[in-house]
Amino acid sequence: MADLLVFREAPLTRLLQPDLLARLSGAGRPVRYADGQLIHGRGDDKPGYSLVREGEVRLVKPRKDGDELTISIVGPGYGFGEATLFAGAPRAYDAYAVGETVIDQIPKPAFERVLDEDPRLARAMLGSLTRRLYAALGLLDDLRSLPLPVRAAKLIADMASSAKSPERIICRQSDLAFTLGVSRVSIGKALAKLQDDGLVRLGYGEIAVPDARQLEAWIEARED
């Protein structure tokens, strides 16, 4: 599963010229994490930027009932930790390695040296963050104007476009509910409608899209 707010967006490493990417990666040190190992906890106030070199990272929000909600899963080339650098904010989520994972951990002073000395990094970061904001505003606009089944379908279509196989999109219904700001019961009803219409197939912890074009056409007809 790709980041819920950066679907169809190129990872940061694709936005950087090879020399700048080498310099940014070299400003930190590679750290290897085992599958399921905690990378950082929610509330950690140590600033720094984490750039995924190998594997994946799952960002989750723990709940009071002991459950957790997956906010996003980011893979090679994507980074996280911008809020600690630019807003002085603590980590908002727990981060866990998915499989064997290697991350270039770049401390704030080292990151800022590269940022100050090469304006290309600032432009790339600004572009990446702006696209995330644009995606978030799109979700907010959909919340105001579209019924839940259509909003759910749009999110699933985006997930299918970035998944390795639309036949197996790893995503729990609770994660969709959190992203769309609704209850599990509401998202369950919306997904049941999409399944009844033949647009998705529901499985345990996963969703399949039999025909991506059919799903896109269904969405377009209801956005007009």
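The values are calculated or read from the model by the stated rules, or taken from the named source; none is laboratory data. Since the model is a prediction, treat every value here as computed from it, not as a measurement. Backbone-built Cβ (ideal geometry, glycine too); neighbour counts: all protein chains shown. Only protein heavy atoms, including side chains, enter the accessible area calculation; ligands, DNA and RNA are left aside. Shrake-Rupley method; radii C 1.70, N 1.55, O 1.52, S 1.80 Å.
I'd like the distance separating the alpha-carbon centroids of the stretch 186-206 and the stretch 26-65, in whole Å. Answer, in whole Å: 32. When you filter the chymotrypsin sites (Phe, Trp or Tyr not before Pro) in the stretch 153-224 for DSSP loop state and at most 16 other Cβ atoms inside 10 Å of their Cβ, you are left with Tyr204. When the C-alpha to C-alpha distance is required to be over 20 Å, the pairs from Lys64/Lys189; Lys64/Lys154; Lys46/Lys108 that qualify are Lys64/Lys189; Lys64/Lys154.
Between Asp196 and Leu143, the simple spin-label model (points 7 angstrom out along Cα→Cβ) gives 2.7 nm. Summing charges over all other residues whose Cβ lies under 9 Å from the Cβ of Asp104, with Lys and Arg as +1 and Asp and Glu as -1, gives +2.
The angle between the Cα long axis of helix 184-196 and the main principal axis of the chain comes to about 60°, on a 0 to 90 degree scale. Using the alpha-carbon atoms, what tilt in degrees (0 to 90, nearest 10) does helix 108-117 show relative to the longest principal axis of the chain? Compared with the principal axis, the helix lies near 80 degrees.
Here Asp158 sits with roughly 50 square angstrom of accessible surface, probe radius 1.4 Å. Taking the convex hull of the alpha carbon positions in the stretch 94-197 and averaging its projected area over all directions gives 9.3 nm². Length gained on full extension, Gln37 to Ala83: 14.3 nm, using 0.36 nm per residue less the C-alpha separation.
What angle, in degrees between 0 and 90 and rounded to the nearest 10, separates the Cα long axis of helix 148-162 from the longest principal axis of the Cα atoms of the chain? With rounding to tens, the tilt is 50 degrees. Label-to-label distance, Glu68 versus Ser183, with points set 7 angstrom from Cα along the beta-carbon direction: 2.6 nm.
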